[in-house]
Every structure is written in structure tokens, then in C-alpha cells.
Amino acid sequence: MEEDILYEAANLKDVIHDPTVARLVINKDKIVSSNIIKGMEIFPEEIKDGVKVKLVVKEGEIIEKPIHLCFGITEENAVQNIVIDADIEKNASVSLLAHCVFPLAKDILHKMDAKIHVGENAHYSYFEKHIHSKNGGVRVLPKTIVSLDSGARFKTEFELIKGRVGLIDIDIETKCLENSIMEVTSRINGTDEDKILIKETGYLIGENSRGVLTSRVALRDNAKAEIFNKIVATGAHSRGHVDCKEIVQDNAQASAIPIVEVKNSTAHVTHEASIGSVDSKQLETLMSRGLTEDAAVELIIQGLLS
């Protein structure tokens, strides 16, 4: 079954047998499986080359177990458009675990357009893990717009460390009202001719709003990466930080552009960016303990991406 192929690739096969876990499984433009639990609503709709999803977590509801989303393509060549509209209502809390699985990809285009609203004092956590083939034939184009009401908390992590990246172009923008908190993290491992583009922007609009943008990228062979992180602080006493680290090996190329703008005398934003090869002291220490150079480099890169 299509569902079994996707879940086996994502190592989540047991989830489909748990009635207490909400889930939505999509293969290309077909809804393969779904399970809705109390306190939430999911309205999936099949569209041309993809699926539109409306997600609502009702006011005051606490969803204890992560909602499992699986967006995948079991074909070698295909297009997938995912449109998400998420509304996490006042005082609600939810976490989502999304797997994007393309185990046989040769020429795959995966596009995602998401709008996320996190209501007053609500919490929303989203972990997106990509699993690609070794061919590099995937183009991933996710665009996300997030709005946080007063006291809301938003945390998102993007991870692609298994299989070839191909092309990935991440674009996420978050607007934070008073006392809200955003955490945006990307971890990507690029090899061969992979190309990685990351654009993360945070607007700290409200008083006492907080935000962190974190990027971790490892590049080998002829891979390339361009990272653009920006925080704009206009809210009184708002605080932000941009943190970008890239490891470059072989003929890989990397650039990082951290931008911080402060438009309120009581706000404070910092940034840190570093690009370079594997730390020689770390490498020597690991090799002195019996690891080969290749194994030591791999361990250091995995540490960066963990």
C-alpha cells in the first residue's frame, strides 16, 4: 500500500495503528489516510497536483500527542503542491511531526505554501524532517507566513540530513506581537551538486517579543548554500538573535548574510555567523582516539546538525 511505503521510509509505521494519534498521509495529490481526534479539526481537499489542508486546534485544547503529517511521493517523477492554513486558537497547544518522503525521486517538485496563525497564549511546534533519495532529483520550495498573537509561542525545525538535497529554497516570515516568542531552526546536509537557499525573517513588533533564527549547514563536494537571516525589532524591550554556522569541505561554497535592524531604543538584537572548514583541534582530538579522518569529519558534521 502507498501508506505503508511512505511510513516505512519515515520509520513511522506503528503510528497508523494508534487511534489516539492524529494523522494525515498524502501521496502526491491523494489523501491516503487520516485520523482526527478530539480538540482539533483537519479539512483536507484534493487539488490539482496536490492537497489543500485546513487545520484548526480549538480554543483551550491541549493536544498531548504530536499530530503526524506525511507528505510524500512514491513515484520517480511528479509534482506536489501542499497548501496549509493552520489556526491555533487562544490558549491551545499542539505539536506536529511532519515527514516529507521522496524515496525514489529522480525529478520531483515539492511546493508548500503555509499560513499559520497562533492565537493569544497558544503554543505551536512544528518539526519537519525530509527523507530524500540518493539521486538529488528533488526541488523543495516551502514558503511560510506566521503570525503570533500576544503571548503566543512558535517553534519550527527543518531537518534534511538523509539523502541528497537537490535544490531547497526555504522562505519563512514571522510577525510577533507582544510577549510572543519565535524559534526558527534549519539543519541541512548538502553534498554533490546540491543547492541550498534559506531566507528567514522575523519581525519583533510587540513589546517584550522574542525571536531566534538558527541555521546549521554542512557542505561537501560541489554543494552551494546562500543563507539570509533577518530580524527587525520595533517593539519596546524586544530581543532577538541570529545564529548561522556553516561547515565547508572540498569545493563547496557558502555565503551568510545576517541582518539586524533595531527601531526602538529599548530593543536589542545580536547576530553571529561563521563559515569554515572542520575545526582542526576537534579533528586532531578525534583522530587521536582512533577515528579515521573521514569518520572524524563525519562525526563533527553530525554534531553540527544534531
Condition first: crowded, with 18+ Cβ neighbours inside 10 Å and over 16 Å from the mean Cα position of the chain (by Cα). Now tell me which residues in the range 183-194 satisfy that.
Thr191, Asp194
Give me the pairs: first residue in the range 75-95 and within 21 Å of Glu120 (Cβ to Cβ), second residue of a type in the set (Gly, Ala, Ser) and surrounded by fewer than 16 Cβ atoms within 10 Å (Cβ to Cβ), beta-carbon distance under 8 Å, and six or more apart or on different chains, which are they?
Glu89/Gly60; Lys90/Gly60; Asn91/Gly60; Ala92/Gly60
For the range 60-86, give me the residue count where each residue is part of a strand (DSSP E or B) and surrounded by 18 or more Cβ atoms within 10 Å (Cβ to Cβ).
12
Verdict on Glu64 being without any contact (Cβ under 8 Å) to a residue 12 or more places away in the chain and under 16 Å from Arg23 (Cα atoms)
yes
Do we have Ile196 as more than 22 Å from Ile116 (Cβ to Cβ) and at pLDDT 95 or above here?
yes
Return the residue satisfying two criteria in turn: it lies in the range 252-278 and is part of a loop (DSSP other than H, G, I, E, B) and either of a type in the set (Gly, Ala, Ser) or under 23 Å from the mean Cα position of the chain (by Cα) (or both), and of such residues it is farthest from Ile301 (Cα to Cα).
Ser265
Going by the structure shown, is Leu96 closer than 24 Å to Asp18 by Cα, at pLDDT 95 or above, within 18 Å of the chain's Cα centre (by Cα) and not in a loop (DSSP other than H, G, I, E, B)?
yes
Being surrounded by 17 or more Cβ atoms within 10 Å (Cβ to Cβ) and at pLDDT below 85 is the filter; apply it to the range 6-32 and report the residue that is farthest from Ile161 (Cα to Cα).
Ile16
Unique match (being at pLDDT 95 or above, surrounded by fewer than 22 Cβ atoms within 10 Å (Cβ to Cβ), more than 19 Å from Asp113 (Cβ to Cβ) and of a type in the set (S, T, N, Q)) among Ser180, Ser150:
Ser150
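The values are calculated or read from the model by the stated rules, or taken from the named source; none is laboratory data. Keep in mind it's a predicted model, so treat the numbers as computed, not measured. Here Cβ is always computed from backbone atoms with ideal geometry, including for glycine, and neighbour counts include all displayed protein chains.
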